[in-house]
Amino acid sequence: MIAVWQSYRNAFKNYLTLERSLADNSIEAYLRDVDKLREFLELDGHALTPFQVTEAHVMAYLKYLTDVGLSVHSQARMLSGLKAFYKYLLYENLIQTDPTHLIEGPRLGRKLPDTLSVPEIDDLLAAIDLSTPAGTRDRAMLEVLYSSGLRVSELLNLRLTNCFFDIGFIRILGKGSKVRLVPIGQEAIHYTRLYTEHIRNQLDITKEGEDVVFLNHRGKPLSRVFVFKMIKKLAAEAGIRKTIGPHTFRHSFATHLIEGGADLRAVQQMLGHESITTTEIYTHLDRDYLKQMMIDYHPRAKIKEPAVRRRQAQ
């Protein structure tokens, strides 16, 4: 039975790689989800092929995950992996019925992301010591994060050859190896040029850092941990008590754009979201602001005086 699972697991891997062009980490996560289901069925005494799995087996597996204390978010992700696997088998006409089709994932509470206000971002940037080479680099990095709404991995993988400052765009390799062009603001361009032209070119750059924009003092690419620690340190110095990280700048970028009236589809494209429903989480505008907009502009929002009273007033 294991050989059968392994055969279709490998075929599924090829499908994810060649047809869906997913990143290696995503592919491995999907394959682990398939492996975990097979292992559960074996432990439960069911020597089944992928084609013999029924909805009842998948439901029993999800109950097992709950019983062992797996979080609802992890359960939802693992179910998503199984759905992708069986959707592939259905697509290849290897099965007639998808055992996961009618199974809904656990209900997830939608937590709104933490954001920084514009004054808080100004305070945090002002805490950077620009008299040092590292300070200039850090200012450039945070300006790019906030200006273009990048993920931290996208920032650290930004290439010199993908920076088109003359036209105000950068090319980003995002999730699933998908490429997108993102606008970049003048402040971010200014500090990035300041760093690359006066600091970066003085480094003894290693081979792995040759085309990478942001490097450490040894000429090597920076790590995610470094960026997290740098932001945490600056937040403390700026007196910001929120728990923030690199992704906070991405959240703030999207929120401030939408609050300013930006089109949701445009923000979706800049963030590189596959689905617009992911972007919609950033529409959590301040309730008082929304209420005032309704009062100011909706024709039925204000209490109108009766015509008789208006005539009496005249």
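FYI, it's all coordinate maths here, none of it is from the lab. Just so it is clear, the structure is predicted and the values come from calculations on it, not from any experiment. Cβ placement follows ideal geometry from the backbone for every residue including glycine, while neighbour counts extend to all protein chains displayed.
Quick notes on this one:
- Assigned charges on the beta-carbon of Lys, Arg, Asp, Glu; the stretch 1-81 dipole about Cα centre (debye): 120 debye
- Percentage of interatomic Cα-Cα distances in the chain larger than 28 Å: 56 percent
- The stretch 43-103 shape via C-alpha gyration tensor axes, a/c threshold 1.5: oblate
- Extended-chain gain in nm, criterion 0.36 nm per residue less alpha-carbon gap, Glu280 and Lys207: 22.2 nm
- The shape of the stretch 1-105 can be summarised by an equivalent ellipsoid whose semi-axes, obtained from the alpha carbon gyration tensor, come to 20, 17, 13 Å from longest to shortest.
- Low-density loop cleavage sites - trypsin sites (Lys or Arg not before Pro) in the stretch 175-232, where at most 13 other Cβ are within 10 Å (DSSP): Lys178, Arg218
- The mean sequence distance of close C-alpha pairs (under 8 Å, at least 6 residues apart), as a share of the length of the chain, puts its relative contact order at 16 percent.
- Shape call, the stretch 129-168: gyration tensor on alpha carbons, a/c limit 1.5: prolate
- Scaled against the 2.2 N^0.38 Å expected of a compact globular protein of N residues, the Cα radius of gyration of the stretch 118-289 reads 1.03.
- Total charge dipole magnitude, the chain, about the Cα centre, Cβ charges on Lys, Arg, Asp, Glu only, Debye to nearest 20: 820 debye
- Gyration tensor (alpha-carbon) shape descriptor, the stretch 94-215, a/c threshold 1.5: prolate
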